[in-house]
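Every number here is computed from the coordinates shown, using simple stated rules; none is lab data. All values reported here derive from a predicted model rather than from experimental measurement. Virtual Cβ from ideal backbone geometry, glycine too; neighbours counted across all protein chains shown.
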Amino acid sequence: MTLYQLEYIVALDNHRHFVKAAESCHVSQPNLTTQIKKLEEEIGVKIFDRDAKPVKPTQAGEQILLKARQILREVADLNEFVLDEKESLEGTFTIGVIPTIAPYLLSLFLPEFVRANPKTKLKIRELQTLEIISELQKGTLDIGILVTPIEEKSIREISLFNEPFLLYLPENHPFSKKWHITPAVLDPNQMLVLDEGHCFREQTLAICESDRTRNNFGFEYQSGSIESLIRLVDKGVGYTLVPEMAVLSESGNERIRRFDSPEPVREISLVVQSSFTKEALIEVLRASILKSIPERFQKIDDYIKVKWR
């Protein structure tokens with residue numbers, strides 16, 4: 001078994017086409033095919049179903065590919081360490097950010113980060129939490145910014161801050177007479193929530209202590225946008241929860257109410273593969289983010305961390 005053979009099977013899994021896989025590895029197609037066959041003969045397991053169109057891994061092959069990717073990542077990380085890359089900020093890095101964080105946090109820290117680190121190129125993608133976890137494990141993503149804990153053994157979590165949940169009300173709602181709200185008064189059937197797949201949805205329902213699947217609005221709205229929910233509330237449709245960063249510029253808005261202590265919060269973190277070696281990048285990115293957010297996010301003493309799974 002060689003590293004080249006592991007690279008070949010991963011390439012074939014990525015492209016599901018022998019010629020394209022060979023081209024990506026800069027070898028001939030017969031050479032790639034022969035090496036993969038030799039590996040299968042050596043371990044006594046068929047890694048790919050060649051009768052499938054396009055070719056796809058067998059059930060056993062899926063597990064072998066996971067191990068192969070892990071080995072290749074670790075070898076790449078070792079090479080990177082040997083080349084003294086650990087403290088370097090130079091390079092291109094892909095960051096995944098969940099949609100309920102990206103519109104609010106990126107504008108706070110990104111412009112200054114880019115100016116201060118001109119040799120660091122960031123490719124930023126909005127992805128849902130499970131997509132970020134999957135792509136980190138595959139090695140197609142370097143860093144994630146999402147809600148933790150995610151409790152994945154292969155992923156390291158670097159906590160940033162706790163962000164409070166706030167209640168956003170329609171005009172002249174009875175709750176407007178209260179300066180602080182308790183979760184117990186919330187009616188899940190009057191709560192606008194995001195579409196399934198968003199961790200913010202699960203946290204909202206957890207705060208309401210509900211797993212409801214319908215509402216009393218007379219319509220079902222599948223949305224991934226907090227802003228869309230806010231606009232509906234502005235028109236008198238129910239109420240919703242928002243992360244505090246979404247309304248930082250609206251501190252005097254009479255429709256916003258805080259929760260009584262202990263405040264429900266979501267923990268925002270950087271996440272990386274456990275084998276990720278760019279410690280300097282993590283430290284600089286973390287410092288840049290913490291510098292840009294309200295100081296109180298790091299000083300909340302009495303809170304409840306709301307999990308999303």
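In table form, for the structure just shown:
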quantity: Shape category assigned to segment 135-247 from the gyration tensor of Cα positions, a/c cut at 1.5; calculated: prolate
quantity: Fewest-first sequence of Thr182, Thr129 by Cβ atoms within 10 Å of each Cβ; calculated: Thr182, Thr129
quantity: Acute angle (nearest 10 degrees) that the helix 59-82 long axis makes with the longest principal axis of the chain, alpha-carbon atoms; calculated: 90
quantity: Likely footprinting exposure, His17, His180, His198, His26, fewest C-beta neighbours within 10 Å first; calculated: His26, His180, His17, His198
quantity: Residue-by-residue Karplus 3J(HN,Hα) for segment 262-279, coefficients 6.51, -1.76, 1.60, Hz, glycine and proline x; calculated: x, 5, x, 9, 10, 8, 9, 9, 7, 10, 9, 4, 4, 8, 5, 10, 7, 5
quantity: Packing-based exposure ordering (other Cβ within 10 Å, fewest first) of Trp308, Trp179; calculated: Trp179, Trp308
quantity: For the chain, calculated [θ]222 nm from helices alone, where every DSSP H run of n ≥ 4 adds -39500 (n - 2.57); calculated: -12000 deg cm²/dmol
quantity: For Leu127, residues with placed amide H under 5 Å, excluding near neighbours; calculated: Val97, Ile98
quantity: Angle in degrees between helix 29-43 and the longest Cα principal axis of the chain, rounded to the nearest 10; calculated: 90
quantity: Most mobile of Leu66, Leu136, Leu186 in a GNM of the chain (Cα contacts under 10 Å); calculated: Leu66
quantity: Cα-based shape type of segment 213-290, given that a ≥ b ≥ c are square roots of the gyration tensor eigenvalues and the cut on a/c is 1.5; calculated: prolate
quantity: Relative contact order (%) - criterion: Cα under 8 Å, at least six apart; region: the chain; calculated: 22
quantity: Candidate lysines for bridging to Lys138, where Cα separation is under 20 Å - those fewer than 8 sequence places away on the same chain excluded; calculated: Lys20, Lys56, Lys67, Lys123, Lys153, Lys278
quantity: Paramagnetic reach from Ser210 in segment 178-197 [backbone N under 19 Å; point 7 Å along Cα→Cβ]; calculated: 181-197
